[in-house]
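> There's a structure below that I have some questions on.
The values are calculated or read from the model by the stated rules, or taken from the named source; none is laboratory data. Everything quoted here is computed from the prediction, not taken from an experiment. Here the Cβ positions follow ideal geometry from the backbone for every residue, glycine too, while neighbour counts run over all protein chains shown.
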Amino acid sequence: MNKSWALLLSCALLFEMPGVAVARDVGANSFAIRNVRVFDGKREFSRTNVVVIEGRIAAIGRRVVPPAGLAVVDGAGKTLLPGLIDSHVHVFPGAQADALRFGVTAELDMFNLSHEFTRWRAQRGSLAQVTEADTWSAGTGVTVPGGHPNQWVPDDMPRLGGADGARAFIEARVAEGSDYIKLIVEDNAAIDAANPLPTLSPPELCASVAAARAQGKLTIAHVTTQANARMAIECGVNGFAHTVVDAAMSKDLVRLAKRRGVFAVSTLSLLAAASRASPEDLPVSVDVSLLSASQQGSLDRTTPLVHPGQLSIAIENLRRLHDAGVTVIAGTDAPVPGTAHGASMHRELALLMQAGFTPKEALEAATSVPAQVFGLADRGRVAQGYRADLLLVDGDPTVDIAATSRIDRIWKNGFPVDRTAPR
């Protein structure tokens, strides 16, 4: 549908102009939702009508009248949300389909060696019917020989060998197709101080950040300690891929993060799994019949990488960052042991509530805010012209965050999503 036709259609719907035939030849990714509560990524609207034409939101409002002949969904008692965005995952075959079945329509991969950049970029630029969440990726992260995650990656993976090589290293990542740059600043101090790991030195980190900035790329640092977080901020990183877990963040460090405009990804699900926190401790559950074998297996595993006490530290640090006005976005680190693509996102939102977020703020952290931070055009909002990546849930998640897991249906590019788990 061209832009002029979309504009005419939207005007006709919004102002109830008669005599415009619009529903005769539209595709399966066209429908309407009537009398639904809407959380549009920032604001709430009650008893609203939404019209989707060929994969995009054509009109939204109480006075909008769905065109004759268009399929209509009754939204009474339900809430329409933007598709969720998980801002920290690691994808593998089948992962994006697992995510989509639970309402996560976009995933930000934070270290991946599969390099399916061309396919991922083509999918996210299309409005065709797909069975996977759209994917952006850091590709190969910047680490040093022997550094994290050395235990899981092949020996021939590129590694940075000194500050002088940072420019060429970053340019190679961009040439491969990395959408942003992940920097691994992990000396193992917060995990197993008795077994330190080599990691990026201050000159290597600063040189890498500068090289990424020259390429117009955001930089996200894997940090888990206050010392490494401070070093990353001083080198100019844009954000943290995790929450600091070695100790409560000092007021000075929080102020520095705010002043430099650094964002943080929550990844509390990882820490909750490591703490063996009971699922009953959170007001959220998912339908286990929708879990793939891969999701169930990942949820059943435990991780030695973090210790139980770190969850409470991370929650307190997110509270301090949030109270100071630092941008926090939701991410799970799926599929690290104890987490699963898609399913863990609903738990992540509930965990944010423990860090002092309101339900509305938690929802923003999984929709409009990451879309803005990472420049994901036409996503993260329920708004005219945006793609119809949508989640319809029973109840009102702006009051009860657990409602996000009570999914009625999901649309990707306006097409209904089949939630049947692969067997």
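> It is to be established whether one or more residues within region 55-73 are under 30 Å from THR267 (Cα atoms) and of a type in the set (Val, Ile, Thr).
Looking for residues that are under 30 Å from THR267 (Cα atoms) and of a type in the set (Val, Ile, Thr), one finds none in region 55-73, hence no.
> Looking only at region 130-139, decide whether some residue is within 29 Å of GLY297 (Cβ to Cβ), touching a residue at least 12 places away in the same chain (Cβ under 8 Å), of a type in the set (Asp, Glu) and in a loop (DSSP other than H, G, I, E, B).
Yes: one or more hits.
> Additional query: Could you tell me which residue of region 361-395 is nearest to the chain's Cα centre (by Cα), considering only residues that are polar (S, T, N, Q) and closer than 16 Å to SER87 by Cα?
Restricting to residues being polar (S, T, N, Q) and closer than 16 Å to SER87 by Cα, the top hit is THR367.
> I've got another one for you. Filter region 187-213 down to the residues that are at pLDDT 95 or above and acidic (Asp, Glu) and list them by number.
GLU204
> Something else now. Mind listing whichever residues of region 207-265 are in contact with a Gly (Cβ under 8 Å, 6 or more places away or on another chain) and of a type in the set (D, E, K, R)?
ARG213, LYS258, ARG260
> What pairs can you find where one residue is in region 106-119 and assigned by TED's automatic domain parsing to the domain that holds TYR180 and assigned to a loop (DSSP other than H, G, I, E, B), the other is surrounded by 24 or more Cβ atoms within 10 Å (Cβ to Cβ) and of a type in the set (Lys, Arg), and their Cβ atoms are less than 6 Å apart, with a gap of 6+ or different chains?
Filtered contacts from region 106-119: MET110/LYS182; PHE111/LYS182.
> Would you check if VAL244 is buried (at least 20 other Cβ atoms within 10 Å of the Cβ), modelled with pLDDT of 95 or more, part of a loop (DSSP other than H, G, I, E, B) and of a type in the set (Val, Ile, Thr)?
yes
> Given the structure, is ALA324 modelled with pLDDT of 95 or more and in contact with a strand residue (DSSP E or B) (Cβ under 8 Å, 6 or more places away or on another chain)?
no
> Continuing with the same structure: Does region 290-305 include one or more residues that are surrounded by fewer than 23 Cβ atoms within 10 Å (Cβ to Cβ), among the β-branched types (Val, Ile, Thr) and at pLDDT 90 or above?
no
> In addition: Just the residues that are touching a helix residue (DSSP H, G or I) at 6+ places or on another chain (Cβ under 8 Å) and buried (at least 20 other Cβ atoms within 10 Å of the Cβ), please, taken from region 141-156.
VAL142
> If I go through region 140-170 residue by residue, how many of them are part of a loop (DSSP other than H, G, I, E, B) and either touching a Phe, Trp or Tyr at 6+ places or on another chain (Cβ under 8 Å) or not assigned by TED's automatic domain parsing to the domain that holds ALA232 (or both)?
5
> Can you report the number of residues in region 40-91 which are at pLDDT 95 or above, among the small types (Gly, Ala, Ser) and not in a strand (DSSP E or B)?
The total comes to 7.
> Specify which of the listed residues (VAL144, VAL153, VAL130, VAL174) is in contact with a strand residue (DSSP E or B) (Cβ under 7 Å, 6 or more places away or on another chain) and hydrophobic (A, V, I, L, M, F, W, C).
Exactly one residue qualifies, and that residue is VAL130.
> On to the next question. On the given criteria, is LEU127 in contact (Cβ under 8 Å) with a residue 24 or more places away in the chain, aliphatic (A, V, I, L, M), in a loop (DSSP other than H, G, I, E, B) and over 27 Å from THR199 (Cα atoms)?
For LEU127, the condition - in contact (Cβ under 8 Å) with a residue 24 or more places away in the chain, aliphatic (A, V, I, L, M), in a loop (DSSP other than H, G, I, E, B) and over 27 Å from THR199 (Cα atoms) - is met.
> ARG409: on the phi < 0 side of the Ramachandran plot, of a type outside the set (S, T, N, Q), crowded, with 21+ Cβ neighbours inside 10 Å and touching a Pro at 6+ places or on another chain (Cβ under 8 Å), yes or no?
Considered against the rule, which asks whether it is on the phi < 0 side of the Ramachandran plot, of a type outside the set (S, T, N, Q), crowded, with 21+ Cβ neighbours inside 10 Å and touching a Pro at 6+ places or on another chain (Cβ under 8 Å), ARG409 comes out as no.
> Also, quick follow-up: Test GLY325 against the stated conditions and say whether it is surrounded by fewer than 20 Cβ atoms within 10 Å (Cβ to Cβ) and among the small types (Gly, Ala, Ser).
In short, yes.
> Still on this model: Would you mention how many residues in region 162-190 are within 21 Å of the chain's Cα centre (by Cα) and surrounded by fewer than 18 Cβ atoms within 10 Å (Cβ to Cβ)?
Of the residues in region 162-190, 1 are within 21 Å of the chain's Cα centre (by Cα) and surrounded by fewer than 18 Cβ atoms within 10 Å (Cβ to Cβ).
> What number of residues within region 178-188 satisfy the criterion of being part of a loop (DSSP other than H, G, I, E, B), of a type outside the set (Phe, Trp, Tyr) and touching a Leu at 6+ places or on another chain (Cβ under 9 Å)?
5
> Looking at region 130-139, can you tell me whether even one residue there is surrounded by fewer than 14 Cβ atoms within 10 Å (Cβ to Cβ) and within 19 Å of ASN413 (Cα to Cα)?
yes
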